[in-house]
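Asker: Here it is, the structure in full.
The values are calculated or read from the model by the stated rules, or taken from the named source; none is laboratory data. Model, not experiment: these values are computed from the prediction. Note that we place each Cβ from the backbone using ideal geometry, even for glycine, and neighbour counts take in every protein chain shown. In case anyone asks, the SASA skips ligands and DNA or RNA and just uses the protein heavy atoms, side chains included. Shrake-Rupley method; radii C 1.70, N 1.55, O 1.52, S 1.80 Å.
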Amino acid sequence: MLSSSSTTVKNLPLKRRLCFLLKLVCFVSSVLIFCEFLIYYVVIFQCRWPNVKGGAHMSEKETSASVLKAIILADTHLLGEIKGHWLDKLRREWQMERSFQTALWLLQPDIVFILGDVFDEGKWSSPQAWADDVRRFQKMFKHSVFTELVVIAGNHDIGFHYEMTTYKVNRFEKLFNFTSGKLITRKGINFVLVNSVAMEGDGCAVCRTSEAKLVALSHKLNCSQQKPNHSNRRCSDVEKLPASEPILLQHYPLYRKSDAECTGEDSAPPEEKNIPFKEKYDVLSQEASQKLLWWFQPRLILSGHTHSACEVLHAGKIPEISVPSFSWRNRNNPSFIMGSITSTDFSLQKCFLPFESRVFTIYCAAGALLVILILAHVQLLTPPFYFAQRLISKHKAV
């Protein structure tokens, strides 16, 4: 009997230590699961598809038939083998993968557009490095057959104009089935894909081919928007497309002097807003911008490249939305655009992803609490109640 009681007493501290260790493991696991998985659901769940005119009065079946739900994001910049540190790759790609997969599961879009700079080093990556980047991209941005993925070329994918080669362009086009001047029509809505890197205007081989396709597509769209009784010999043999005014999708924004007029919490930092933009580098040239506006008379332009949000009006009536970067490497508050689009109207809503600073704050607070709990357990840190009790007893003794 005595030996049994003695064994129980000896095992008691060990059981307490194991119980405390189990609590610590549960605490750490809970923090990790929340910050690396659940937080994306908590934040993106709050995003809602915007309503278009008449959408509130439509039945669910009518809305599904006429409204295209589109997600638009830009500048993912998957790091390459030259400039990309393995830890940076692991962190940023996990964040983007979780955000994208969570958005697909919660929002169930019909189509997703990525407006260029998918890769960070596509402009100089070797065939082997390119294949590795592509493999990682396909894992991160995998999607069901019910969601279409459309990717636009950016300067980091095929190089700036002076770096762009036919090989790099063909490599990108083969992977994403992308060509400049390509028309995508969904639910009667016309989307025009533009290789804005090729809008240099210097007559290079890629530029000539790209502009020729854009001009031909412009002619088709213009003929399709004419009234049936309008007699025009130039349109008599042209294939008719839906009469909807097109939406331009490209990487470079149209020409603007700077981001000085841009507003919002995800616009450029104040110290960068007044820096003048360089034509053909930060934005398209004035000439190329005028060409696109004249050729297509779009009802909306969506672009990326600057990594910051901006909304401008061209010719006083044509809105352009610059979509911020989707990567935490480029900004603390990444986001994407949710668009409800019909053949005659559209409505856009921004969906922010978790702020990286808030995730970091949660980790710091959890780490501090963890240290306090450990110190209190090993009695290196006296709990406040016992500390106060000791002070009172000392005072009475005096």
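Asker: Assign unit charges at the C-beta atoms only (+1 for Lys and Arg, -1 for Asp and Glu), then state the dipole size of the chain relative to its Cα centre in Debye, rounded to the nearest 20. Could the numbers behind the result be given before it?
Answerer: On the way: 47 positive and 37 negative charges, 326 e Å.
Dipole of the chain, to the nearest 20 debye: 1560 debye.
Asker: What order, most packed first, do the peptides 108-116, 145-153 have when packing is the mean number of other Cβ atoms within 10 Å of each residue? All intermediate terms of the calculation are to be shown ahead of the outcome.
Answerer: Working: 108-116: 23.1, 145-153: 17.4.
In decreasing order of mean packing, 108-116, 145-153 become 108-116, 145-153.
Asker: So which residue, out of Tyr167, Tyr41, Tyr255, gets the largest mean-square fluctuation from a GNM of the chain using Cα contacts under 10 Å as springs?
Answerer: Of the options given, Tyr167 has the highest mean-square fluctuation.
Asker: Working from the alpha-carbon coordinates of region 161-207, get Rg over Rh, Rh being the Kirkwood radius.
Answerer: Details: Rg = 12.3 Å, Rh = 11.8 Å.
Across region 161-207, the Cα-based Rg/Rh ratio is 1.04.
Asker: Another question about this same structure. For region 128-216, I need the span (max minus min coordinate) of the C-alpha atoms along each principal axis, in Å, sorted largest to smallest.
Answerer: Reported extents, whole Å, longest axis first: 40, 40, 15.
Asker: Right, here's the next one. Considering all alpha-carbon pairs of region 272-325, what whole percent are spaced by more than 18 angstrom? Present the calculation step by step, with values, prior to reporting the outcome.
Answerer: Numbers: 464 of 1431 pairs.
More than 18 Å apart: 32 percent of the Cα pairs in region 272-325.
Asker: May I pose another question? Kindly give Rg over Rh for region 188-249, based on alpha-carbon atoms, with the Kirkwood expression for the hydrodynamic radius. Before the final figure, lay out each step's value.
Answerer: On the way: Rg = 13.5 Å, Rh = 12.9 Å.
Over the Cα atoms of region 188-249, Rg/Rh equals 1.04.
Asker: So how far, in whole Å, is the C-alpha centre of region 112-139 from the one of region 205-225?
Answerer: Using only Cα atoms to place each centre, the spacing works out to 27 Å.
Asker: Just to confirm a number: summing +1 for Lys and Arg and -1 for Asp and Glu over residues other than Ile374 whose beta-carbon lies under 15 angstrom from that of Ile374, what do you get?
Answerer: Numbers: positive: Arg16, Arg17, Lys23; negative: none.
It works out to a net charge of +3.
Asker: Mean residue ellipticity at 222 nm from the helices of the chain, using -39,500 (n - 2.57) per DSSP H segment of n ≥ 4 over the full residue count, to the nearest 500 deg cm²/dmol?
Answerer: Working: 12 runs with 167 residues, N = 398.
After summing the helix terms and dividing by residue count, I get -13500 deg cm²/dmol.
Asker: Could you give me the radius of gyration and the Dmax of the chain, taking only the C-alpha atoms into account and expressing both in angstrom?
Answerer: Spelled out, the Cα radius of gyration and Dmax of the chain are 28.1, 111 Å.
Asker: Rounded to two decimal places and with Rh computed the Kirkwood way over Cα pairs, what is Rg over Rh for region 202-359?
Answerer: Details: Rg = 18.2 Å, Rh = 17.6 Å.
Rounded to two decimals, Rg over Rh is 1.03.
Asker: Tell me the angle of helix 166-176 to the major Cα principal axis of the chain, expressed in degrees between 0 and 90 and rounded to the nearest ten.
Answerer: Roughly 70 degrees between the two axes.
Asker: Which order do the peptides 303-311, 315-323, 367-375, 282-290 come out in when sorted by mean C-beta neighbours inside 10 angstrom, highest first?
Answerer: On the way: 303-311: 23.1, 315-323: 16.9, 367-375: 12.2, 282-290: 19.0.
Result, highest mean first: 303-311, 282-290, 315-323, 367-375.
Asker: Using only the heavy atoms of the protein chains and a 1.4 Å probe, how would Asp345, Asp237, Asp75 rank by accessible area, largest first? List each step's numbers first, then the result.
Answerer: Values: Asp345 40, Asp237 145, Asp75 0 Å².
Ranked from most to least accessible, the order is Asp237, Asp345, Asp75.
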